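Read through the structure below, which is laid out as structure tokens, and then see the notes.
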Amino acid sequence: MLRVIQAGFHNTIQDSGRHASQHLGVSHCGALDLPAMQLANMLLHNTDAAVLEITFGPVELLATKDCWLSITGADFNAHIQGHGLEQRIWPASRFLLKQGQHFILNGAKTGMRCYLAVEGGFKVNSVLHSGSTDTTNGFGGCDGRPILADDHLERNEIPNSRLNKIKTTTTVSQPLNLLPIRVIKGPEFDQLTIDSQHLFEKSLWQLQANSNRMGARVKSQRVLQMAQNLSMRSHAVHPGLIQLPPNGQPIILLADAQATGGYPRIANVIDADLWKLAQLRPGQQFSFQVVDIDEAERALDGWHRYFFQIRHQLSLLDSQNMNTKTMQHRYSPLQLNADIGEGGDCDAELFEIIDCANIACGGHVGNDSSMAATIKLAKRHQVIIGAHPSYPDPKNFGRAAMDIEDEALYGTLLSQVLALAAQCRLQSQTIRYIKPHGALYNIAAKEPKTAQILFRLVKELQTLSRNGHDGLAPNLQLMVLANSPIVQWAEDAGVETISEAFADRRYLSNGTLAPRTSNGAVINDLQTVLQQVRHIQTTTPISTLDYGTLKVDATSLCVHGDNQHALDFAKAIRDLLKA
């Protein structure tokens, strides 16, 4: 199915690892970047299937039959070649590799490891309930060794492929923020000298070149010291444990680490951040941040929320690509978003609830300071970031139509988004979508000329991203009013959209939002909000302010952060969506 033309160096088959073999003295093994492996499988509707973990290129694979593949993790400048085609494949993508085509991965441009999955999973023998390669013991994967040139990688049988009718390459978002690496104090942390305890969290650490799948060796300008020499018996160890050998330079145990050890255990990398160690490059600097159990659990919840969003996104994309008709009353998972950074009193609390934040970037409100603070909250809670540009009209809070030349409008929108991108870049964050604010949002939904300005904006930002501009996603999307004409215009223009509905606003039967000046346009009653959300969630027609009905087909749901009931609404909606 895939013939290895070039194998690179030390690239192995991995799955989630051996979860119950450490008592036998066998390493856990498995993918170093577990979320990237999970995403690669999710893109292809695999369960815990074996994938190819690629660390060193170049790697070249030849398809001996058509197959669906996915690539996640680091950007290896991957391309498809053959049949008169050369196509760039971005990270976090699934794609069809046709018989006779070559898939080429040149080497990591950013990050360190990528993950290649095939629909059905690579066919390997399971040892101790895992197909992961254990090079120490010589089993799993390709006979316990890295892949070699002329290997033939086969896949498991697929009785009912869910991808036969998919026609296009699909790219989704994946987290990119590597810093800092959050840890919980270990059993012997308090036995470090006071100075070393301070140095551990305040120092810049550097990944050493002799790191491998067993452990990440790190150093700083000064070594750590124990307050007194410890005589310790061997104890069980696990991936993520940070040990301190006598040389004072920590070792962070990784997937192929031994099952026991005897060095002081000064800290543990939290589960949600273990993947970051897989993507650090030799010589790259980072810092540790000590957190508590509650923060570690919140971070893990962030991953669960991320994968829920991806499943939802893929479900919708698959339905669209297969040209399936939407049932009249289907269940529709919804992302919850909020307009943030507009001076609302509950922004910090909202970040514990929402999936996406539409961050004001200076048009109607906002400045570098407010953007930086809001991005920091998004980063902490692993909330997806969107830019929320507006007419340059602080006086009217961007809620009034504005007489402005097209080029001037385009220029100010571009400046606003780039200002937010600059702040994102400083915190290693990325803008994933654009949601216009207020009057601009509503006018663009029904006026082609204004919509075209937004399409031009998105395409320019995508180009900037692909030319190396940090802070912007290459597959930037546009958030628009569900069921409005702009949805079709965007499709015609080749711009991917997120269809948005509103929990706290009333609609008119023509699909537009009732003007805020209309009596009852803003909903302030919780039960009315929940009823509207429930109808949107099941695509049941909602009642409109002009006594009609409207079926709203959306993928994202907005709660306005400046609504006096925003926090109560958001909590109740989150509970409803989880039910």
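The values are calculated or read from the model by the stated rules, or taken from the named source; none is laboratory data. Remember, predicted model here, so these are calculated numbers, not experimental data. Glycine also receives a Cβ, built like all others from the backbone with ideal geometry; neighbour counts cover every protein chain displayed.
Tell me, please, whether a residue that is surrounded by 17 or more Cβ atoms within 10 Å (Cβ to Cβ) and either among the β-branched types (Val, Ile, Thr) or without any contact (Cβ under 8 Å) to a residue 24 or more places away in the chain (or both) can be found in the range 69-76.
For the range 69-76, residues surrounded by 17 or more Cβ atoms within 10 Å (Cβ to Cβ) and either among the β-branched types (Val, Ile, Thr) or without any contact (Cβ under 8 Å) to a residue 24 or more places away in the chain (or both): present.
Does residue 382 meet the test of being modelled with pLDDT of 95 or more and polar (S, T, N, Q)?
So residue 382 does not fit the description; no.
I'd like to check something: does the range 428-438 contain any residue that is under 24 Å from residue 502 (Cα atoms), among the hydroxyl-bearing types (Ser, Thr, Tyr) and outside any helix (DSSP H, G or I)?
There is at least one residue in the range 428-438 that is under 24 Å from residue 502 (Cα atoms), among the hydroxyl-bearing types (Ser, Thr, Tyr) and outside any helix (DSSP H, G or I).
Provide a single number: the residues in the range 69-86 that are closer than 19 Å to residue 40 by Cα and not hydroxyl-bearing (Ser, Thr, Tyr).
So the count comes out to 10.
I need a count of the residues in the range 511-553 that are under 19 Å from residue 480 (Cα atoms), among the polar types (S, T, N, Q) and without any contact (Cβ under 8 Å) to a residue 12 or more places away in the chain.
Result for the range 511-553: 0.
Filter the range 207-245 for residues that are touching a residue at least 60 places away in the same chain (Cβ under 8 Å) and loosely packed, with under 12 Cβ neighbours inside 10 Å and give the result.
Selection gives 209, 236.
Out of the residues in the range 477-496 that are small (Gly, Ala, Ser) and in a helix (DSSP H, G or I), state the one that is surrounded by the most Cβ atoms within 10 Å (Cβ to Cβ).
490
Go through (1) touching a strand residue (DSSP E or B) at 6+ places or on another chain (Cβ under 8 Å); (2) modelled with pLDDT of 95 or more; (3) farther than 28 Å from residue 546 by Cα and name the single condition residue 471 misses.
Failed condition: (2).
When residues of the range 133-187 are filtered for being part of a loop (DSSP other than H, G, I, E, B), surrounded by 15 or more Cβ atoms within 10 Å (Cβ to Cβ), touching a Cys at 6+ places or on another chain (Cβ under 8 Å) and on the phi < 0 side of the Ramachandran plot, how many remain?
2
Would you mind stating whether residue 398 is outside any helix (DSSP H, G or I) and on the phi > 0 side of the Ramachandran plot?
yes
Matching residues to (1) in a helix (DSSP H, G or I); (2) modelled with pLDDT of 85 or more; (3) in contact with a Leu (Cβ under 8 Å, 6 or more places away or on another chain):
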position: 294; (1), (2), (3): yes, yes, no
position: 298; (1), (2), (3): yes, yes, no
position: 310; (1), (2), (3): yes, no, yes
position: 317; (1), (2), (3): yes, no, no
position: 338; (1), (2), (3): no, yes, yes
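Among the candidates 108, 31, 49, which residue alone is touching an Asp or Glu at 6+ places or on another chain (Cβ under 8 Å), under 22 Å from residue 466 (Cα atoms), of a type in the set (A, V, I, L, M) and in a loop (DSSP other than H, G, I, E, B)?
108
For the range 497-511, does any single residue satisfy the condition of being under 18 Å from the mean Cα position of the chain (by Cα) and either assigned to a helix (DSSP H, G or I) or crowded, with 17+ Cβ neighbours inside 10 Å (or both)?
Yes, the range 497-511 contains a residue that is under 18 Å from the mean Cα position of the chain (by Cα) and either assigned to a helix (DSSP H, G or I) or crowded, with 17+ Cβ neighbours inside 10 Å (or both).
Could you check the range 234-272 and list, in sequence order, the residues that are at pLDDT 95 or above, among the aliphatic types (A, V, I, L, M) and in a strand (DSSP E or B)?
Correct list: 241, 242, 251, 252, 253, 266, 267, 269.
Only one of 428, 370 is under 30 Å from residue 297 (Cβ atoms) and over 22 Å from the mean Cα position of the chain (by Cα). Can you tell me which?
So the residue among 428, 370 that is under 30 Å from residue 297 (Cβ atoms) and over 22 Å from the mean Cα position of the chain (by Cα) is 370.
If I ask for residues that are part of a strand (DSSP E or B), over 28 Å from residue 280 (Cα atoms) and either touching a Cys at 6+ places or on another chain (Cβ under 6 Å) or of a type in the set (Gly, Ala, Ser) (or both), which ones from the range 58-105 would you list?
Selection gives 63, 82, 97.
Against the condition within 20 Å of residue 454 (Cα to Cα) and in contact with a strand residue (DSSP E or B) (Cβ under 9 Å, 6 or more places away or on another chain), how does residue 543 come out, does it pass?
Judged against the criteria, residue 543 is not a match.
Quick check on the range 522-539: of everything there that is surrounded by 16 or more Cβ atoms within 10 Å (Cβ to Cβ) and assigned to a loop (DSSP other than H, G, I, E, B), which residue is modelled with the highest pLDDT?
523
How many of the residues making up the range 114-132 are over 30 Å from residue 79 (Cβ atoms) and either surrounded by fewer than 19 Cβ atoms within 10 Å (Cβ to Cβ) or touching a Ser or Thr at 6+ places or on another chain (Cβ under 8 Å) (or both)?
Qualifying residue count for the region: 5.
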